[in-house]
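What follows is a single structure, written as C-alpha cells, with notes after it.
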Amino acid sequence: MAKICLCLTGKTLAQDLEILNQNRTYTDLVELRADYLAPDERLLLRRFPEMAGVPVILSIRRGINGGEYLSGEGSRITLLAKGLAYADADRRRNFAYVDLEEDLDVPSLEEAARAFGTRIIRSCYNLEGVIGNLPNRLKHLKRVGDELVKAVVMPRSLDDVIEVLQASREMGDLEKIISCVGEYASISGILAEHFGSRITYTYPAEDCEARPPAAHGQISPKELAEQYRFPKITVATKVFAVAGYPLKSSPIPRFFNTIFAMEKNDAVHIPVPADSLRSLLRFAGELGISALSITTPYKEEVLLYAGSKSAEVLAIGACNALTASQDTTGRWTGFNTEARAFSDSLLTFIGRKDFRRRKITIIGAGSAAQAAAFEVHRLKGKALILNRIVGKARTLAEQYHFAWAGLDSRGADLMEKYSDIIIQASSVGSSDNPGDPIEFYRFSGRETLMDTIFTPEKTLCVRRAEDAGCRVLTGSDMLVRQLRYHYTHITGKEFPPSLISRVGVYYGNGTKSD
C-alpha cells in the first residue's frame, strides 16, 4: 500500500518539526530536505529522526535535480555522511531511508546506510519532461536487491502522464516510487497505487511559507487523506474525474468524495488538467473512467466526441457531463446539468412554476448563459441578452427571438425594460475574474438578482443588489443541484433524499451550503 510522505523544506529543524506536528495525523513518513536547511542547521540533521518519531528520508538535493544545495559535491557527500554517522542500535533513531542519485557512486555511504538498516532510494530525474524507456531505466537503476528505485518527472501534457502510467504498468512488481511534479502532480499523487508507487510525496498546505514553488500541483497530506481517502485507494478503486484547462479549483471532487465516503463506495473523484479532449478520453480509457465532469473551455468542443447527446445538449449546444457506454463501442453520452439546475433553483427561489409575464436580463453568452436562455425560453419568459462581445449576445438571443445588446449605454437602457429578474451568468465577479459586469446599472430594489457564481459566495454585483434592497440568489444552490444531477449520471440513480440534509459543499471562502 502506498504511503503519504510529507516533504519538509523549512530553514530550521524546529520549523520542520512544527510542520510535521501540524500534519502528523495524515503522515506515514517524512522527507527531510536538508538542502533547504540553513547552513548551521544542516550540521544538526542527525538529530531529526529521533525528534520526528516517524520514519524519515534523508535527502540533500542538488540544484540540477530541482534542489537548493548549490555548494560543491564533496561537501554534500560529507553532509550525507554526517546524517548516517553515529547510527543507533535502535533503528527508529536513524534515518529510515537515504535518497542517492543514480550517478552518485560512493560505496562508503551505501555501506554505512546498510549497516544500520537505512534503506537506499536510488533516484533519477527529468525536470523538463518524462524519462524515455522508463521501465528499462528503473530496472537498471537498482544496484542491490533491497534498493527502492525512484523516478521524478515533469509531464508537459496529459499524454505525458499517460506515458508514465503505461510505463509503470510495464514494470510489474518492481518496487518503485513514481513522482510527477508540476501541474499534473496531483494525478500521480492521488492515484499512487495505479502508478505502482510505494510513496506519494506531499507538501504542507498552500498557505504555508515552507511550501516551495516546486510544490505546484501537489496537495497537502490532510487533503489527500481526508478529501481523497488516499489510504483506501487501490487499483480496484473506481475513478471519476472533472476536467478542464487550465483547471481551476472545483468543488466537484469534494462533493463526490464526500458522498462516496457516506455510501461506502470504493470510488474516488479527481481533478484532471486536460490540455486536449483527445488526451482526456485516452486517459479515461487507460483508467476505465466511466463518467467525466467537463468544465471550461471544453463544454462546446466536447460535442464532437459525444456519440449521443441529451435533448438539452442538442438544444443548448453545450455539455458538462459525459458518461461512457456500457457496451464495447467506447462511445460517450453527453448531458447538460446546468439548465435544469438553473431553473429549479431560480423557480424555487421566486415561488413560481415558470417565467410567464417575466422580463429577464441575462448577462453573458457562455455555457451558463446558454443554459439560462434555453430554460427561460422553454418556461415562457422574455429575455434580453447582454454580453461584452455583442456578436455573441446576438447569436444567442436570435435562437429564441430575444433582445440583445452590449454592456454599454444601449444595454443599460434596455435593462430598464427587462429588470424583473437579472441573471448574472458571466464569469466576471468570480475569484479568478473579479469585478462587476453591470457596474453601470443602478438597482432600484425591485429586481430579483441571480448570480451563478459560487466563489466567492457574494460577488460585488450581489453586494450592490443587496444594498439596494433586492432579493438575491447566489450560485451556491444552483451548484448543489447541479452536483446532484451529476450524481444521477454517474450512478444511474436519483440522489438519495436521505443525503440531501447530510452532505455539505465547502467553498473557497469557507462557507457551507447544505
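The values are calculated or read from the model by the stated rules, or taken from the named source; none is laboratory data. As the structure is a computational prediction, the values presented were derived from the model and not from experiment. Cβ sites come from the backbone with ideal geometry, for glycine too, and all protein chains shown count toward neighbours. To get the accessible areas, we keep the full protein, side chains included, count just its heavy atoms, and leave off ligands, DNA and RNA. Shrake-Rupley method; radii C 1.70, N 1.55, O 1.52, S 1.80 Å.
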With N residues in region 356-466, what two-decimal value do you get for its Cα radius of gyration over 2.2 N^0.38 Å?
-> 0.96
So how tilted is helix 475-491 from the main axis of the chain? Cα-based, degrees 0 to 90, rounded to 10.
-> 70
Order these peptides, 318-324, 482-488, by their mean beta-carbon neighbour count within 10 angstrom, highest first.
-> 318-324, 482-488
Taking a ≥ b ≥ c as the square roots of the eigenvalues of the Cα gyration tensor of region 170-296, is the shape rounded (a/c under 1.5), prolate (a/b larger than b/c) or oblate?
-> rounded
Of every hundred units of 1.4 Å-probe accessible area on region 429-480, the number belonging to carbon and sulfur atoms, as a percent, is 44
Charge dipole (debye, nearest 20) of region 365-514; +1 at Cβ of Lys and Arg, -1 at Cβ of Asp and Glu = 340
Ignoring ligands, DNA and RNA, how do Cys461, Cys208 rank by accessible area with a 1.4 Å probe, largest first?
-> Cys208, Cys461
Antiparallel DSSP beta bridges within the chain, percent to nearest 5 | 15
In Å², nearest 10: area of Trp404 left accessible to a 1.4 Å probe = 70
Using a 1.4 Å probe on the protein chains only, how many percent of the accessible area of region 161-214 belongs to carbon and sulfur?
-> 44
Between region 238-273 and region 213-230, what's the alpha-carbon centroid distance in Å?
-> 13
Measuring from centroid to centroid over Cα atoms, what is the spacing of region 70-91 and region 177-210 in Å?
-> 26
Which one of Gly391, Leu79, Phe116 has its Cα pushed farthest toward the positive end of the charge dipole of the chain, where Lys and Arg give +1 and Asp and Glu give -1 at the Cβ?
-> Gly391
Work out how much length Arg331 to Glu50 would gain on full extension: take 0.36 nm times their residue separation and subtract the Cα-Cα distance, in nm to one decimal.
-> 95.6 nm
Provide the per residue accessible area, probe 1.4 Å, for the chain, rounded to a whole number of square angstrom.
-> 43
Taking the Cβ of Ile385 as the centre, find all other residues whose Cβ is under 12 Å away and add up their charges (Lys, Arg: +1; Asp, Glu: -1).
-> +3
Points 7 angstrom from Cα along the Cβ direction at Ala468 and Asn265: gap in nanometres?
-> 4.2
Interatomic Cα distance distribution for region 31-83, bins of 10 angstrom, percent | 25, 59, 15, 0
Surface accessible to a 1.4 Å probe, Met262 within the full protein complex, Å² | 60
Sum up the charges of everything whose Cβ sits under 12 Å from the Cβ of Tyr441, counting Lys and Arg as +1 and Asp and Glu as -1, but leave Tyr441 out.
-> -4
Helix axis angle, 13-23 relative to the chain longest principal axis, alpha carbon, degrees | 50
Leu379-Leu29 FRET efficiency (beta carbon distance; Förster radius 60 Å; 0.05 resolution) | 0.60
Which percent of the accessible area of region 1-152 is formed by carbon and sulfur heavy atoms (probe 1.4 angstrom)?
-> 51
Considering only DSSP states other than H, G, I, E and B, which chymotrypsin sites (Phe, Trp or Tyr not before Pro) in region 169-271 qualify as loop sites with at most 15 other Cβ atoms within 10 Å?
-> none
Size of region 380-430 along its principal axes in angstrom, Cα-based, largest extent first?
-> 30, 23, 21
Rounded to the nearest 10 Å², the accessible area of Lys248 at probe 1.4 Å = 120
What would the Debye formula give as log10 I(q)/I(0) at q = 0.11, 0.12, 0.19 Å⁻¹ for the alpha-carbon point model of region 24-135, no solvent?
-> -0.35, -0.42, -1.02
Taking the Cβ-Cβ separation of Glu439 and Ala205 as r and a Förster radius of 30 Å, what is the calculated FRET efficiency to the nearest 0.05?
-> 0.30
Asp40-Glu128 FRET efficiency (beta carbon distance; Förster radius 60 Å; 0.05 resolution) | 0.95
For Tyr86 paired with Lys11, estimate the spin-label separation in nm (one decimal), with each label point 7 Å from Cα along the Cα-to-Cβ line.
-> 2.6
So what's the gap between the Cα centers of region 105-162 and region 381-429, to the nearest angstrom?
-> 58
May I ask you to list the GluC sites (Glu not before Pro) in region 349-419 that are in a DSSP loop and have at most 13 other Cβ atoms within 10 Å of their Cβ?
-> Glu416
What is the gain in length, in nm to one decimal, between Ser249 and Lys232 on full extension, counting 0.36 nm per residue of separation less the C-alpha to C-alpha distance?
-> 3.8 nm
Please give the contour-minus-distance gain from Thr488 to Thr348: 0.36 nm per residue of separation, less the Cα-Cα distance, rounded to one decimal in nm.
-> 48.3 nm
Determine one quarter of the surface area of the Cα convex hull of the chain, which equals its mean projected area, and express it in nm² to one decimal.
-> 26.2
